[in-house]
Amino acid sequence: ASSMQSEVIAVLSIFAGIVFAFAGGFTYLGSVMTSIKDVQHYEAVVLMAIICGMVVFNTLFLLMYLVGKITKRSIYAKCKSEECSCNPACYGLKKIKKRLPYVFYFNLLCLLGIIIDCAVWYCDIRNWFHL
């Protein structure tokens, strides 16, 4: 009973952390959006919004992963075939892409957005758009 009580306390504290991370992320995003009137380059606001979304998503995922570890439940994606397993050659990004595709593709999309935003920002600073 005492080990179950400590697990419940751990899970509840992690869920409290999730709520704080979610609320803090929205507060930060709100302050970024209210400062849009004061910026010279709007690309900076987009960059901060993407980074904020990426940090909040990864923080929430990490906390949910910890809840899964404590409760001994898996949050990995199910394999489509019976022979699906990550052998020792499967590590790093390949393992994340295979077992956690939602995390992989969200972070890939965010990184692509950051690269595009930085390229647009560079072109805007050099006045290559002539808008």
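A residue that is in a helix (DSSP H, G or I), in contact (Cβ under 8 Å) with a residue 12 or more places away in the chain and among the hydroxyl-bearing types (Ser, Thr, Tyr) can be found somewhere in the stretch 53-67. Checking TYR102, TYR76 one by one, the residue that is under 17 Å from the mean Cα position of the chain (by Cα), at pLDDT below 80, aromatic (Phe, Trp, Tyr) and on the phi < 0 side of the Ramachandran plot is TYR76 and no other.
Taken over the stretch 14-52, the residue count meeting the criterion of being open to solvent by less than 70 Å² (accessible area, probe 1.4 Å), in a helix (DSSP H, G or I) and more than 15 Å from GLY113 (Cβ to Cβ) is 12. Which residues, counting only those in the stretch 32-52, are among the charged types (D, E, K, R) and touching a residue at least 60 places away in the same chain (Cβ under 8 Å)? Of everything in the stretch 32-52, just one residue is among the charged types (D, E, K, R) and touching a residue at least 60 places away in the same chain (Cβ under 8 Å), namely GLU43.
The values are calculated or read from the model by the stated rules, or taken from the named source; none is laboratory data. Just so we're clear, the structure is a prediction, and the values are computed from it rather than from any experiment. Here Cβ is always computed from backbone atoms with ideal geometry, including for glycine, and neighbour counts include all displayed protein chains. Ligands, DNA and RNA are stripped out before the accessible areas are found, and what is left, the full protein with its side chains, is counted by its heavy atoms. Shrake-Rupley method; radii C 1.70, N 1.55, O 1.52, S 1.80 Å.
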